[in-house]
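Where a number appears in this text, it was derived from the coordinates with a stated rule and is not lab data. The structure displayed is predicted, hence computed values, not measured ones. Note that we place each Cβ from the backbone using ideal geometry, even for glycine, and neighbour counts take in every protein chain shown.
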Amino acid sequence: MSCNLHKGTNLVSLDPDTNLPVRLFDPRKDVWNDHFIRAGVHIIGLTEIGRTTAWLLQFNSDLNLLQRQAIMEKHPLD
């Protein structure tokens, strides 16, 4: 997945709102719904971890939004 290319070896990045270092979301330790919410095709970070991860991995880039829209049209969640 292309978002892994954005992550690289990073375990920490700068929060785009505070410019302070924040650890990234760890799917082995963290609960997705504690840190993110879906708003249509967008994924919004609810916490500093969610916000920083969404920013670094470019969850809401134009390409990711288009791909997510196509998937949601084929497999609606709601």
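If neighbour count is taken as other Cβ atoms inside 10 Å, put T47, T52 in order from fewest to most.
T47, T52
Per residue and in cubic angstrom, what volume does the convex hull of the Cα atoms of the range 31-78 have?
Enclosed volume per residue, from the Cα hull, is 71 Å³.
With everything on Cα atoms, drop me the angle between helix 62-74 and the longest principal axis of the chain, reported from 0 to 90° to the nearest 10.
40
Across the range 42-59, in residue order, what do the Karplus-derived ³J(HN,Hα) couplings come to in whole Hz, using 6.51 cos²θ - 1.76 cosθ + 1.60 with θ = phi - 60° and x for Gly and Pro?
8, 10, 10, x, 8, 10, 4, 5, x, 4, 5, 5, 4, 5, 4, 8, 6, 3
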